[in-house]
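The values are calculated or read from the model by the stated rules, or taken from the named source; none is laboratory data. All values derive from a computational prediction rather than experimental measurement. No Cβ is skipped: glycine too gets one built from the backbone with ideal geometry, and neighbour counts run over all protein chains shown. Ligands, DNA and RNA are stripped out before the accessible areas are found, and what is left, the full protein with its side chains, is counted by its heavy atoms. Shrake-Rupley method; radii C 1.70, N 1.55, O 1.52, S 1.80 Å.
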Amino acid sequence: MLSVTSVIELLGTIAFTISGAFSAMQKRLDAFGVIVIAFITAIGGGTIRDVLIGYTPVSWMRNLNGPILITVTAVVAILFKRNIKNFKVTLFVFDALGLGLFTLIGLQKGIDAGLKPGICVILGTITGCFGGVLRDILLNNIPLIFRKEIYATACIVGVVVYFALIPFMDPNWAKVIAIAIICSIRILAVRYDLKLPVR
């Protein structure tokens, strides 16, 4: 049976792949370009994380299931793009979902490596955010993490809540709650136009 972490990784990969594919389609890239951007969005943060903790070859090179899932998901997104009535809403929902899921994947990798909670917060944030950073740079957009939008902040809050909860409950439930908090903060921030102060 799949573990909770495996399910989170599966859903996160699908979510960020679709987010990357829709971003590329908005820029009217060809099918190959869409697949490349989807792939980079899905594996970018995890690749940086694995390099930082010395886990090489990186995760997606060790198991072909990830690249195959990303490719299939991107192709499906291309084939069914006409069925999506509102690209912006779809892109946003999958990006928020991927942000929460991938942050917890990075967190778990840090815990498995025996790193301190503060470093785990950083690894979770990198995993959640930097696939989107690479996506935005390649598509000639200013990455969300470098603007006043609440993005990385949501990751940090979610991971801190996770560490606060694990003494009192099963870690798997703490993960679910942390993911929900990250997604909710991101969605509410956009819904009510909440932003960080700008200098």
Pull out all pairs, ordered by first then second residue, where Cβ-Cβ is under 9 Å, the residues are six or more apart or on different chains, the first lies in the stretch 175-199 and is without any contact (Cβ under 8 Å) to a residue 40 or more places away in the chain and open to solvent by 20 Å² or more (accessible area, probe 1.4 Å), and the second is of a type outside the set (D, E, K, R) and not in a helix (DSSP H, G or I). Ile177/Met169; Ile185/Ile150; Ile185/Leu194; Leu188/Ile150; Leu188/Leu194
Looking at the structure I just gave you, is Ile111 in contact with a helix residue (DSSP H, G or I) (Cβ under 8 Å, 6 or more places away or on another chain), under 29 Å from Tyr192 (Cβ atoms), open to solvent by 10 Å² or more (accessible area, probe 1.4 Å) and part of a helix (DSSP H, G or I)? no
Answer yes or no: is there a residue in the stretch 174-184 that is in a helix (DSSP H, G or I), out of contact with any strand residue (DSSP E or B) (no Cβ under 7 Å at 6 or more places or on another chain) and over 23 Å from Val7 (Cα atoms). no
List every residue pair whose Cβ atoms sit under 6 Å apart, with the two residues 6 or more apart in sequence or on different chains, where the first one lies in the stretch 137-153 and is modelled with pLDDT of 80 or more and the second, anywhere, is in a helix (DSSP H, G or I) and of a type in the set (D, E, K, R). Pro143/Asp136
Select the helices (runs of 4 or more DSSP H) contained entirely in the stretch 5-96, then report the ones holding at least 1 residues which are buried (at least 21 other Cβ atoms within 10 Å of the Cβ) and modelled with pLDDT of 90 or more. 31-52, 65-79
So the check is Cβ under 7 Å with 6+ separation or different chains; which pairs have a first residue in the stretch 22-41 that's in contact (Cβ under 8 Å) with a residue 40 or more places away in the chain and a second one that's assigned to a loop (DSSP other than H, G, I, E, B) and open to solvent by 60 Å² or more (accessible area, probe 1.4 Å)? Ile37/Leu29
Consider Leu123 carefully, then state whether it is open to solvent by less than 60 Å² (accessible area, probe 1.4 Å), at pLDDT 90 or above and farther than 27 Å from Gly54 by Cβ. no
Quick test of your reading of the structure: Cys129 fulfils all but one of (1) touching a Cys at 6+ places or on another chain (Cβ under 6 Å); (2) crowded, with 21+ Cβ neighbours inside 10 Å. Name the failing condition by number. (1)
